[in-house]
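Before any comments, here is the structure.
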Amino acid sequence: MDTRPPQDAVFDAVAELFSTLSTPIRLKIISGLCSGEKNVSQLLAEIDTTQPNMSQHLSTLYRAGILGRRREGTQIFYWLQSERVATLCRAVTTQVAIELGGEDLVNSSERLLPRGLR
């Protein structure tokens, strides 16, 4: 029987989420998908990485429930399935930008906004 305080489960879940989001490329993927669904080729055009590396990060985000995916012919399309992750990333990114010298460091077109709020 688990005798830990109930909030420990919350902290565990948040720590796991932060661990999943702890690489810049995953944050870039989330940012890229905030404007809508994209295939791997479209993401590679926006994010400087290799196809195998991109696929590995997409798979991690998919397994974590952050992204959804579908296949159309030979293409796999991804979308942001978790609006709370987009909101969290936007809040943290904006705060860090302010602390680094101003909110203007994050262009409105690059902010991590949930789909429909752009």
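Counting Cα-Cα pairs of region 1-107 in 10 Å increments starting at 0 gives whole-percent bin shares of 13, 41, 29, 13, 4, 0. Each label was represented as a point 7 Å from its Cα along the Cα-to-Cβ direction; for LEU100 and SER41 these points are 3.2 nm apart. Residue separation of GLN81 and ARG63 scaled by 0.36 nm, minus their Cα-Cα distance, works out to 5.3 nm of gained length.
Taking all Cα-Cα distances within region 1-44, those exceeding 11 Å account for 73%.
Assuming R0 = 25 Å, what is the FRET efficiency of GLN51 and ALA13, from their Cβ-Cβ distance, to the nearest 0.05?
0.20
Taking a sphere under 13 Å around the Cβ of SER55 and counting the other residues whose Cβ falls inside, with K and R at +1 and D and E at -1, yields a net charge of +3.
Readers should treat all values here as calculations from the given coordinates under stated rules, not as data from a laboratory. Note that the structure is predicted; figures quoted are calculated from it, not measured. Glycine also receives a Cβ, built like all others from the backbone with ideal geometry; neighbour counts cover every protein chain displayed.
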